[in-house]
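The values are calculated or read from the model by the stated rules, or taken from the named source; none is laboratory data. Note that the coordinates shown come from a computational prediction; the quantities given were computed from them, not determined experimentally. No Cβ is skipped: glycine too gets one built from the backbone with ideal geometry, and neighbour counts run over all protein chains shown.
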Amino acid sequence: MIDLIVFTVLTISVLVLSALIFALKDVLHAAIALASLFLFNSLFFLLINQPLLAVVQLFIMVGGIATFLFVGVGSAAYSKFWHTKKVVLVMLWAALFVALASSLNGVSFTAELTPTTFWSSNIASSLQSSAALFYVMALAMFGVSLGAIILLKKTKRNVKK
Amino acid sequence: MIPVEYFAVVSFALFAIGLAGVAATRHFVLMIFSIEVALTAATLIATVFFYFNTDGNIMLLLFTIWTIAASEAIALVAFYRYISKYETNMDVAQLSKLRDK
């Protein structure tokens with residue numbers, strides 16, 4: 001029973017926060033709503049007994065959110081326009097939700113009840129085959145982030161001149 | 001224990017908000033946020049199905065989703081450079097002007 005109450009509270013929080021991203025006029029506040037959404041989403045992971053994935057998700061998203069906050073502050077001057085058509089958003093959301101939820105109609109998950117918790121010992125075996133790909137991807141992302149910083153510094157210098 | 005269907009419905013609702021957000025907003029940063037919301041829903045439903053089915057190799061999928069989510073932040077910074085350089089705004093309807101500059 002307590003699980004269901006926590007689940008309901010988390011669901012309402014997550015849906016309200018995701019709606020707030022578009023309802024708020026300021027990008028910075030939208031980024032804060034998104035950060036809170038990630039936090040509540042990681043609590044969902046705890047609810048299904050996956051503490052490792054909850055922590056990993058939270059740590060990875062912290063990096064993204066820090067960048068979003070910086071861009072949110074920096075782009076405040078470029079964001080002064082009416083950005084979201086809320087009626088279109090609600091109508092599209094309803095249509096998409098009904099379309100997606102209709103796939104659950106008539107489906108029963110009877111083969112469940114064998115819950116598994118994901119632990120760090122699973123990582124090595126499941127990622128072994130793709131380790132090289134992730135290394136290449138990580139190096140590429142590192143290069144791109146360095147390039148982005150250099151470009152930003154260059155732009156700042158040009159503006160000063 | 002909470003049934004799988006409940007988690008699926010929440011994930012669908014989140015994913016629908018993400019997709020609808022991409023279509024309904026004109027703000028570039030909010031579009032990126034919408035994609036993040038959709039990716040969050042994807043991680044949630046993938047983890048839930050892993051939890052109840054045991055035999056799935058979920059880590060590859062989750063790492064891919066997290067990599068895409070992290071790359072978006074970098075793309076946003078690189079894009080912000082052009083916005084600030086050419087003094088345009090974050091309206092995607094105005095972005096075609098960047099092509100002429």
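Assess whether A:PHE70 counts as being part of a helix (DSSP H, G or I) and under 27 Å from B:SER71 (Cβ atoms).
yes
Report yes if A:PHE44 is facing another protein chain (nearest Cβ under 7 Å), under 16 Å from B:SER11 (Cα atoms) and part of a helix (DSSP H, G or I), otherwise no.
In short, yes.
Taking the conditions exactly as written (modelled with pLDDT under 70 and hydroxyl-bearing (Ser, Thr, Tyr)), does A:SER145 satisfy them or not?
yes
Please verify whether A:LEU10 is assigned to a helix (DSSP H, G or I), over 20 Å from B:MET31 (Cα atoms) and in contact with a Leu (Cβ under 7 Å, 6 or more places away or on another chain), treating the condition exactly as stated.
Yes.
Consider the stretch B:1-12. How many of its residues are at pLDDT 90 or above and either aromatic (Phe, Trp, Tyr) or within 30 Å of B:LEU95 (Cα to Cα) (or both)?
Qualifying residue count for the region: 1.
Report the residue count in the stretch B:18-35 for those that are at the interface with chain A (Cβ under 7 Å from one of its Cβ atoms), over 16 Å from A:ALA35 (Cβ atoms) and either in contact with a strand residue (DSSP E or B) (Cβ under 6 Å, 6 or more places away or on another chain) or touching a residue at least 24 places away in the same chain (Cβ under 8 Å) (or both).
Residues flagged as at the interface with chain A (Cβ under 7 Å from one of its Cβ atoms), over 16 Å from A:ALA35 (Cβ atoms) and either in contact with a strand residue (DSSP E or B) (Cβ under 6 Å, 6 or more places away or on another chain) or touching a residue at least 24 places away in the same chain (Cβ under 8 Å) (or both) within the stretch B:18-35 amount to 4.
Checking the structure you have, find out if any residue of the stretch A:66-78 is surrounded by 13 or more Cβ atoms within 10 Å (Cβ to Cβ), under 24 Å from A:THR11 (Cβ atoms), of a type in the set (Val, Ile, Thr) and within 7 Å of another protein chain (Cβ to nearest Cβ).
No, there is no match, as no residue in the stretch A:66-78 is surrounded by 13 or more Cβ atoms within 10 Å (Cβ to Cβ), under 24 Å from A:THR11 (Cβ atoms), of a type in the set (Val, Ile, Thr) and within 7 Å of another protein chain (Cβ to nearest Cβ).
Of everything in the stretch A:42-97, what is in contact (Cβ under 8 Å) with a residue 40 or more places away in the chain and touching a Pro at 6+ places or on another chain (Cβ under 8 Å)? Give them in sequence order.
A:ILE48, A:ASN49
Just one of the numbered conditions (1) facing another protein chain (nearest Cβ under 7 Å); (2) without any contact (Cβ under 8 Å) to a residue 60 or more places away in the chain; (3) buried (at least 17 other Cβ atoms within 10 Å of the Cβ) is not true of B:ALA38; which one?
(1) is the only condition that B:ALA38 fails.
Could you tell me whether B:PHE50 is closer than 30 Å to A:ASN105 by Cα, free of Cβ contacts under 8 Å to residues at least 12 places away in the same chain and either in a helix (DSSP H, G or I) or facing another protein chain (nearest Cβ under 7 Å) (or both)?
For B:PHE50, the condition - closer than 30 Å to A:ASN105 by Cα, free of Cβ contacts under 8 Å to residues at least 12 places away in the same chain and either in a helix (DSSP H, G or I) or facing another protein chain (nearest Cβ under 7 Å) (or both) - is met.
Select, from A:ASP26, A:ASP3, the only residue that is out of contact with any Asp or Glu (no Cβ under 6 Å at 6 or more places or on another chain), of a type in the set (Asp, Glu), touching a residue at least 24 places away in the same chain (Cβ under 8 Å) and closer than 30 Å to B:SER84 by Cα.
When all the criteria are applied, what remains is A:ASP26.
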